[in-house]
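Undergrad: Quick one: this structure, given as structure tokens, is what I'll be asking you about.
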Amino acid sequence: MGKSYTIGLIPGDGTGPEVVREGVKVLDALCRDHGFGLEFQPFDLGGEKYLQDGALLDSAVLDQLQKTDAIFLGAIGHPRVRPGILETEILLKLRFELDLYINLRPVRLYPGVKTPLQDKGPQDIDFVVVRENSEGMYAGGGGFFKKGRPDEVAIQESITTRKGVERCIRYAFDYCRSREKTGRLTLCAKTNVLVYESDLWERVFHEVHQEYPDVAINYQHVDALCMWMIKNPEQFDVIVTSNLFGDIITDIGAIIQGGLGIAAGGNINPEGLAMFEPIGGSAPKYAGKNCINPLAAICAAQMMLSFLGEHAAASSLEKAVQKTIQQDLDTLEAGRMGHTTSEVGDLVVSHLGG
Ligand code: IPM
Ligand code: MN
């Protein structure tokens, strides 16, 4: 018998519970085939729970999550909760309190998946965004002055620390080295305007590069990079960037890799815990209909297996996802896959190890 891991499970809102259920189904099958153990510990968090009893993320829950080996999250978001509450008090709080300082978002077009980019195929769209996940515009600095009055002022501050930038850049160089591709790391910033923040990123980028002479480097302003992601995505291998820029460019990444049905990400503390999620959100209009695509959650589960060091299981799962797409699904869109949510989970299981 191999190792055993405790997985914190946060199914959350909307379609979250349906896709997490399929992720768990696939993970259970992999445990049997690969001889490791997973014990799932569920946590009731999200908009539904908040509307019931006002509970968000308290320190007791954080302590329990802290003891797990990894967290598997469905989605947090509720149409009846004002925007900002659940994001700040649950999702961002998890990232900050657990110091999940890397947001890792692979952008990979699998064969058989449609991309909106004309004339681009799987060989062209295969890169990874390393998004700083613990500071920048998300740190929440700022405030109002004379709020609600005609002369009111809003200040939103971005916080950038050398420590935060350096650990993120170092992770990106290591990650770049571990990939088989060209081995090129692109820094995405805005040195022509953000003359303090981007300057710090650029200086640290060059300093850390000294330790990785085998990795080629490149720089692009964020606006130009958005254009190049669409025009020539094949030039990218690994992109490293700050929190808000990473948020924005990974939505472009998600759509060029086939959309929210497939896009997954990891919120990672490389020295500690990590949380994996489909990046599509709670999709309330599809909730409870057994028609949402669970592949993004299943891909998040695959990233979690890699993080845990279960590489054989992760690779078997990746192949099974590709087979499911190529052999079984009409499209990746909710309601139009030709199969229900639970059938897609079953199909992935049927392709494992085969
Ligand atoms: C994401 C999301 C979050 C973010 C929101 C929901 C706070 O868009 O994970 O990319 O902005 O980071
Ligand atoms: Mn986002």
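Undergrad: Let me confirm something: among 142, 112, 77, which residue is in contact with an Asp or Glu (Cβ under 9 Å, 6 or more places away or on another chain), among the small types (Gly, Ala, Ser) and surrounded by 14 or more Cβ atoms within 10 Å (Cβ to Cβ)? Break it down stepwise before answering.
TA: On the way: 142 fails: surrounded by 14 or more Cβ atoms within 10 Å (Cβ to Cβ); 112 fails: in contact with an Asp or Glu (Cβ under 9 Å, 6 or more places away or on another chain).
It is 77.
Undergrad: Which one of these does residue 157 not meet: (1) free of Cβ contacts under 8 Å to residues at least 60 places away in the same chain; (2) in contact with a Phe, Trp or Tyr (Cβ under 9 Å, 6 or more places away or on another chain)?
TA: Result: residue 157 passes all but (2).
Undergrad: Name the residues in the stretch 147-185 that are modelled with pLDDT under 95, within 20 Å of the chain's Cα centre (by Cα) and surrounded by 12 or more Cβ atoms within 10 Å (Cβ to Cβ), would you?
TA: Result: 179, single match.
Undergrad: Could I ask something else about it? What helices (runs of 4 or more DSSP H) completely inside the stretch 295-353 contain at least 1 residues that are within 16 Å of residue 264 (Cα to Cα) and open to solvent by 20 Å² or more (accessible area, probe 1.4 Å)?
TA: Details: elements: 295-308, 311-323, 341-351.
Per the criteria, 295-308, 311-323.
Undergrad: Scan (1) more than 23 Å from the chain's Cα centre (by Cα); (2) open to solvent by 60 Å² or more (accessible area, probe 1.4 Å) for the single condition residue 260 breaks and write down its number.
TA: (1)
Undergrad: Something else: Considering (1) in contact with a helix residue (DSSP H, G or I) (Cβ under 7 Å, 6 or more places away or on another chain); (2) surrounded by fewer than 21 Cβ atoms within 10 Å (Cβ to Cβ), say which one residue 189 fails and leave the rest.
TA: Every listed condition holds for residue 189 apart from (2).
Undergrad: For the stretch 277-296, state whether one or more residues are in contact (Cβ under 8 Å) with a residue 12 or more places away in the chain, away from ligand 1 (no atom under 16 Å from the Cβ), farther than 17 Å from residue 331 by Cβ and out of contact with any His (no Cβ under 8 Å at 6 or more places or on another chain). Talk me through it step by step, then tell me what you get.
TA: In the first step, residues of the stretch 277-296 are kept if they are in contact (Cβ under 8 Å) with a residue 12 or more places away in the chain; the result is 277-284, 286-296.
Filter once more, so that each one left must be away from ligand 1 (no atom under 16 Å from the Cβ): 286-295.
Those left that are additionally farther than 17 Å from residue 331 by Cβ: 287-288.
With out of contact with any His (no Cβ under 8 Å at 6 or more places or on another chain) added as a condition, the list becomes 287-288.
Yes: one or more hits.
The values are calculated or read from the model by the stated rules, or taken from the named source; none is laboratory data. Everything numeric in this text was worked out from a predicted model, so none of it was measured. Here the Cβ is made from the backbone with ideal geometry for all residues, glycine too, and neighbour counts use every protein chain on show. Remember, those area values only see protein heavy atoms, side chains included, never the ligands or the DNA or RNA. Shrake-Rupley method; radii C 1.70, N 1.55, O 1.52, S 1.80 Å.
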